[in-house]
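Since the structure comes first, as structure tokens, the remarks are kept for the end.
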Amino acid sequence: MSTKLQSELKEELLERFLRYVKITTMSDPHVETLPSTPGQWDLLHLLKRELGELGIADVELDQWGHLVARVPGNRRNGEFPTIGLMAHVDTSPDMSGVDVKPQVHRDYDGNVISLTEGYILDPVSYPELLQCKGGTVITSDGTTLLGADDKAGVSEIMTALSWLLAHDEIARGDLEIVFTPDEETGRGLDRFDPSLLKASCCYTVDGGERGIIEGECFNAAVARVSCVGKVIHLGTARGKLVNAVAMASAFVSMLPRNESPEATDDRYGYYAALEISGDLDKAYVDVYLRDFETSGMERRIGALGHFAKAVEEAFPGGKVDVDVRKQYANMREHIAADPHIMELLETAVAKSGVEPVRQIIRGGTDGSRLSEMGIPTPNIFTGGHNYHSRFEWASLEIMAEACETLIHLVSLWAEQKATKGAV
């Protein structure tokens, strides 16, 4: 049920969201620099300017694309905790995010939404749309993704901050706002210095459906599988050629189909072949590994080694190397150590008129990395759906609910501290 505050927030939310999604910020997993694409700098510089226009003096943008704004609290007669709010500016490279043309569907009637080139959003396939009947649904034109992941989160943080600064009667402690690059490549916090933050905890605003909050995620790693063959003229190849492309294909065929993303859900992890490239001499496969348990991740890494040996045996003279790089770890233990972090979040969601629903993330966020660095960081819903696809859409009403949740969360942290004696 929409509240008066949500109605007040919606137009600024929509204005910011439409402005941000039009900026091309696709990250690039093949580029080692941070940020990996120049468009991310464009949005980061815009956000830095807008934070300054809100009257925030302490805004820092480092050479790696980490934007940190420090917002003083408005109560100085007691100790209030510092908390953080975080979102990422890049969009996924899985689907084009170039020249996004957002479409605003006001007073949605619950029927099929037509995009370009014959693509449609049908409530039969996406029943969550029916929750938004009578509200405002935002899509792309169907030729690109929308960018709600995570520009919905960016918009919600900026709008909540704008509202809080205009309403000094609402108690708040010190806030730290963090916008990051390259979350989608898993490298956004590779060079982040956690000493930049004083926050005792942080919240990523990078979730999806209404009311969902998350304090647990996958353990994640990426494996680069290198296949080295032996090349000779194809006309005289019998008994001599070792085809690296065929070796790479054989390796991919050994990945268990019943442990793939399309065959698993809930707490079941997976192997996912993301990219294959190369030629007769050398070929490469990038494989994502995901598991909620450390023991499961170790099993998967070990299995890749067995697959590599099997390919070598099947292709005498060839060589297969597996190089595994950790991406992020399950944030469960870090967040569970202080139940108060999730309890206050649940209260904030409920105060916004939404039922809080705890779930696990079949993925990860920058909060996974930040939690490992010692700052527990659960995740908050944003109102986005069908991420990383041309069928991505967002509900303005749910975005407003997320935005109000942030406002209550900030206030609750200050009130909680006050009840413990900081008056």
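Data for the structure
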read-out	value
Folded to 0 to 90 degrees: helix 340-351 orientation relative to the chain principal axis, Cα	60
By accessible area with a 1.4 Å probe, ligands and nucleic acids excluded, highest first: order of 362, 16	362, 16
Column: log10 I(q)/I(0), Debye, Cα scatterers of segment 11-96, q = 0.13, 0.23 Å⁻¹	-0.53, -1.23
For the chain, built as a Gaussian network whose Cα springs stay under 10 Å, the top-fluctuating residue of 218, 307, 17	307
Tensor-based shape of segment 117-195 (alpha-carbon gyration tensor, a/c under 1.5 rounded, otherwise prolate or oblate)	oblate
Charged-residue dipole, Cβ positions (Lys, Arg, Asp, Glu), segment 253-313 about Cα centre, Debye nearest 20	140
Residues whose placed amide H lies under 5 Å from that of residue 115, excluding near-sequence neighbours	120, 121
Residue-wise HN-Hα coupling along segment 25-34, computed from phi with Karplus coefficients 6.51, -1.76, 1.60 (Hz; x: Gly, Pro)	10, 3, 7, 10, x, 8, 10, 8, 5, 10
Under Karplus coefficients 6.51, -1.76 and 1.60, residue-wise ³J(HN,Hα) of segment 207-222 in Hz, glycine/proline x	x, x, 6, 3, x, 7, 10, 9, x, 8, 8, 5, 7, 9, 8, 10
Estimated dipole of the chain in Debye, rounded to 20 [Cβ of Lys and Arg +1, of Asp and Glu -1, Cα centre]	800
D (Stokes-Einstein, µm²/s), Kirkwood Cα radius, segment 299-423, 0.890 mPa s at 25 °C	135
Reference-scaled alpha-carbon Rg (2.2 N^0.38 Å with N residues) for the chain	1.06
Surface share of carbon and sulfur [accessible, 1.4 angstrom probe, percent] for segment 212-370	52
Calculated FRET value between residue 46 and residue 114, using beta carbons and R₀ = 45 Å, to 0.05	0.90
Cβ-based charge dipole, segment 197-292, positive-most Cα from 228, 250, 204	228
Whole-percent pair-distance distribution, where bins are 5 Å wide, for the alpha carbons of segment 217-282	4, 15, 20, 19, 13, 11, 8, 6, 3, 2, 0
Gap separating the Cα centres of segment 1-78 and segment 203-221, nearest whole Å	19
Per DSSP, loop trypsin sites (Lys or Arg not before Pro) in segment 147-241 with at most 10 further Cβ within 10 Å	238
Cβ-placed point charges (K, R +1; D, E -1), dipole of segment 231-343 about Cα centre in debye, nearest 20	580
Per residue accessible area of the chain, 1.4 Å probe, in Å²	42
Three-way shape call for segment 145-277 based on the alpha-carbon gyration tensor, with the a/c threshold at 1.5	prolate
Orientation-averaged projected area, Cα convex hull of segment 57-173 (nm²)	10.7
Between segment 277-306 and segment 116-168, the alpha-carbon center distance in angstrom	35
Most to least accessible of 213, 170 (protein chains only, probe 1.4 Å)	170, 213
Nearest 10 degrees, 0 to 90: helix 148-166 Cα axis against the chain principal axis	20
Stretchable slack from residue 358 to residue 19, in nm (0.36 nm times residue separation minus alpha-carbon distance)	118.9 nm
Projected label distance in nm at residue 321 and residue 3, using a 7 Å step from Cα toward the beta-carbon	5.7
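The values are calculated or read from the model by the stated rules, or taken from the named source; none is laboratory data. Please read all numbers here as calculations on a predicted model, not as lab measurements. Note that each Cβ is placed from the backbone with ideal geometry, even for glycine, and that neighbours are counted across all protein chains shown. To get the accessible areas, we keep the full protein, side chains included, count just its heavy atoms, and leave off ligands, DNA and RNA. Shrake-Rupley method; radii C 1.70, N 1.55, O 1.52, S 1.80 Å.
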